[in-house]
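For reference, the structure discussed in these notes is given below.
Any read-out appearing in this document is the output of simple, stated calculations on the displayed coordinates, not a laboratory observation. Note that the structure is a prediction, hence the values are computed from the model and not measured. Here the Cβ is made from the backbone with ideal geometry for all residues, glycine too, and neighbour counts use every protein chain on show.
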Amino acid sequence: MTAAAVFDRSPPKLTLWRLTKAQFRAFIGGSLVGWGVVAVLLLAVASGVVAGLAGLSEHRFVGVTSIVNTAISFAGVAVQLFAIVVGSEAVAGEFAIGTIGATLSSSPRRGTLFAAKTLAICGSVILLAGLAGFLAGGSALLIALVEARPIDAITSSAWLASTGGLAFGAGILALLSLGLGAWSRQRMIAVLVPVAAIYILPLLVAVLPVGTGRDWLNSVLPGTALSALATAHVQDGVVVLGTSLPGTASETLLGALFVLGVWSVFVVPWAILAFIRHDLSASSRSLGRVAPRDPAEIPHVARPVRSSLRGLLRSEFRKSWSLPVIRWIFALSVVLEIGYGLARASWNSLDGVGGSVSESLSIEYSYAITGGVGGVALILAVLVAIQVAGEFETGTAVSTFIA
């Protein structure tokens, strides 16, 4: 080979396969992802052990298949949260830290880049969810063996079927979160919308009276479909996915797939169009003002200010309260708590709770406020974790530590 041939060599063509491998390596190379994978797998094993010990006690008569379903459903919560977080970071995270311009410079074909990110993220989540479901169900079956419970081929088939359903549902959830992040370019939206759709909306639908469309609303929620995919039962000697209770369409396998497909159709195409047509100059302007380079413009501080715990807490509170999403969470939480109590009172759900309407409302609101404070605290803890991780990603954690 001549020297001219070496210098005239063109760069390798960026195919979908090459981009997918690059995105996969970038995904698994992050330290936060590694710790997240370890946490999910440990929680999966713990879920199987706890479900096995609780379901196989002497005072309970629960089938081994039900115990496996319970263990996988517990592990599914950790898998779903992991899928939501990594899906939101795939595109919205790059917009947040400002690396999307460099990524598109090296991979100018946005449609191919979106497909590569989808394959890398969703494929990784599917593998992790399958391993988590396998460990959760396997731990429960191991406890059953220790307790001398028989394990037949039907139980093993149900274990593998639930694991496959959990993995498939987690991949769809990661796709939805990734799509929301590509459409909105906001990590908060990509995280909070799936969390609300899976964990909060079912609680609101549950307070509706029978006959007002509650069953239909429950059937179109993604959380119901995800639960049906990860639940296996025996029907006429055959293991099938879906809950064994008759009723809504999303309690069956085909109904769950249809519901998730409809949600994907509503989110993914719009996300692709928004990602392809997005103007990067607008993102660069939204990153904030560049620090002044002239030393004369830098304000002079006579002496360093001593930072106390009270001052740090006040400063972090002001910084967090300046985010619009925090204010929206507080406002919506108050409205939902008030509406929850009024709805139960108007539908005569408080009969027998107290001696009068006012007493019933006070008791109901005490329970609602207690649960609401816990839910809001959980959401705020997630937001704080995202904010702290974002400071490390953007490099502003150094200035925070110095201050």
- request: Can you figure out the FRET efficiency of Arg318 with Leu53, using R₀ = 51 Å and their beta-carbon distance, to the nearest 0.05?
  value: 0.65
Simple spin-label estimate for Leu127 and Arg149 in nanometres, 7 Å along Cα-Cβ: 3.2 nm
message: Can you tell me the length gained on complete extension of the stretch Arg18 to Val240, counting 0.36 nm per residue apart and subtracting the Cα distance?
response: 76.2 nm
message: Given points 7 Å out from each Cα along the Cα-Cβ axis, report the Leu142 to Leu160 separation in nanometres with one decimal.
response: 2.0 nm
- prompt: Taking 0.36 nm per residue of separation and subtracting the Cα-Cα distance, what length does fully extending Ala274 through Val38 add?
  reply: 81.6 nm
statement: If amide H atoms are modeled at 1.01 Å from N in the peptide plane, then the residues at a separation of 5 or more from Ala230, or on another chain, having amide H under 5 Å from its own are none
In order through region 264-269: 3J(HN,Hα) via Karplus (6.51 cos²θ - 1.76 cosθ + 1.60), integer Hz, x for Gly, Pro: 5, 5, 6, 9, 5, x
- request: Write down the Å³ per residue value for the convex hull defined by the alpha carbon atoms of region 146-215.
  value: 178 Å³
Globularity ratio of region 89-235, using Cα Rg and 2.2 N^0.38 Å: 1.32
